[in-house]
Amino acid sequence: MALRASLFTNYLMGLGSWFVPLGIQMVLFPWLVAVVLHMDAFAVGIAQMALMAPSILFLPLGGLVVDRGNPRRLLLRYHVLYALPPLALAVVLMMGGLSYPLLIAYGLVAGSIGAFAVPTRDALLPSVAKDNLPRAVALATALQFLGQLAGIALASSADHVGAPPLLVLNAALVLLGCIAVAALPDPPPHPPVVHPSYWRSVGDGVTEALRSDQIWPVLLLNFGVGVFYVGPFMAILPLIVRDVYRGGAAELAYVNLAFWAGTIIAAVALAGLSRRVSLRGRLVALAVSVGTLVLATMATLPSFLALAALCFIWGLGAGVTMTQSRTVIQIVAPATHRARLMSLFQLGLGGGGPIGAFLAGGIAALWGLQAALVLPAVTMAVMIGFVLFFSRIWSMRTAG
């Protein structure tokens, strides 16, 4: 038991070393695009799409690679590779070479590496936390959000210290995570099988998801979250902070801090209640519904304090959605398809995000920031109604 706890601690340390830098990037990247370069709504949407778009291609491929390989060794390589883009960007910035195409290139490279790492880390979790998987998922999710929160707080100083020091810190933390990942054991090898082609393997993952009446509604709702929530959050919120509230890196960090504080509180609360929760699908449906109300209220452009409060409430819903959705898939998915199904889960969030960022940026450019909040809210409400009517998500039970 003590050994298992030690392994899980190492897993969490590696997780934190990745998500603190991710939190820095979450503020620093849109700040460079929207505030430093002062790009318009469509350009901000394209930049955020570049950061998230690699998920569409590489999340399924990353799940396939880890289903066929050694996740610990793969994750070590991804940590080393993920440190390179911020170091390169820091060098270019110190030479005075900041440009919009450079940030697009940075987003594509960093997003590609991150897409491979996500299913790899998810595949390692069951082997280090077998005693109570729902609690382990909730704790890992809470630490992920806490790491992002710490990174966001660090990035709030960008107006004063500049981007290069934060980018160097980003890379150093990722490299330190190699120590924790190296201390993890190799998971049991997969039984020898004849592997089908890439697209056949991805198709098998999709087929497995559609076959499960517990997995497909969760994946569909998470795809909706990616398109209609993540997209506006990434593309529209920085513009609202800049144009409506005349804010910079600090104000952008405040709304992000409020959101991720909500996710942490929700995730920690669910970690303590993990064995008592069985109607996980109902929790997901209710939590996703909160987002529609938040987006519609944000469209009224309230005071900055009210905007931060709305982000906190939105974060509470996101914490419930992500922890319970991940738990359902980790429990229900067969071991032979778990990484691929988790990559589909992440694809819904990460792959739907660039679509949503592109659409939200285009809507804002044509009809304004308020329309870019209202239209996603209405569309997501329709999707929630569809899932409630055609699935048993409201009544399904998933014990852990």
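The values are calculated or read from the model by the stated rules, or taken from the named source; none is laboratory data. Since the model is a prediction, treat every value here as computed from it, not as a measurement. We place every Cβ from the backbone using ideal geometry, glycine too, and count neighbours over all the protein chains shown.
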Okay, helices (runs of 4 or more DSSP H) sitting entirely in region 208-310 with 2 or more residues that are in contact with an Asp or Glu (Cβ under 7 Å, 6 or more places away or on another chain) and closer than 21 Å to L22 by Cβ, I get 249-272
Cβ pairs under 8 Å, 6+ apart or interchain, first in region 248-266 and surrounded by 24 or more Cβ atoms within 10 Å (Cβ to Cβ), second in a helix (DSSP H, G or I) and acidic (D, E), ordered by first then second residue, are A249/D159
Contact list, first residue from region 116-128 and within 19 Å of V328 (Cβ to Cβ), second anywhere and of a type in the set (K, R), beta-carbon distance below 6 Å, six or more apart or interchain, is none
Of the candidates A115, A123, A182, the one satisfying the condition of being surrounded by fewer than 17 Cβ atoms within 10 Å (Cβ to Cβ) and hydrophobic (A, V, I, L, M, F, W, C) is A182
Residue set Y100, Y106; condition surrounded by fewer than 23 Cβ atoms within 10 Å (Cβ to Cβ) and touching a Pro at 6+ places or on another chain (Cβ under 7 Å); output residue Y106
Taking region 156-186 and keeping only residues that are within 23 Å of L76 (Cα to Cα) and not in a helix (DSSP H, G or I), one is left with A183, L184, P185, D186
Restricting region 1-48 to residues that are at pLDDT 85 or above and of a type in the set (F, W, Y), the one farthest from S99 (Cα to Cα) turns out to be Y11
Scanning region 340-369 residue by residue, those over 16 Å from L220 (Cα atoms) and touching a Leu at 6+ places or on another chain (Cβ under 7 Å) turn out to be I363, A364, L369
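For every residue, the table says whether it meets (1) closer than 19 Å to A253 by Cα; (2) in contact with a Ser or Thr (Cβ under 6 Å, 6 or more places away or on another chain); (3) at pLDDT below 90.
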{"site": "N132", "(1), (2), (3)": "no, no, yes"}
{"site": "A136", "(1), (2), (3)": "no, no, yes"}
{"site": "Q144", "(1), (2), (3)": "yes, no, yes"}
{"site": "L149", "(1), (2), (3)": "yes, no, yes"}
{"site": "A158", "(1), (2), (3)": "yes, no, yes"}
{"site": "P165", "(1), (2), (3)": "yes, no, no"}
{"site": "N170", "(1), (2), (3)": "yes, no, no"}
{"site": "L173", "(1), (2), (3)": "no, yes, no"}
{"site": "L176", "(1), (2), (3)": "no, yes, no"}
*asked:* I'd like to know if region 270-279 contains one or more residues that are surrounded by 24 or more Cβ atoms within 10 Å (Cβ to Cβ), of a type in the set (D, E, K, R) and modelled with pLDDT under 90.
replied: no
Of the candidates L28, L15, L22, L37, the one satisfying the condition of being surrounded by fewer than 18 Cβ atoms within 10 Å (Cβ to Cβ) and touching a residue at least 60 places away in the same chain (Cβ under 8 Å) is L37
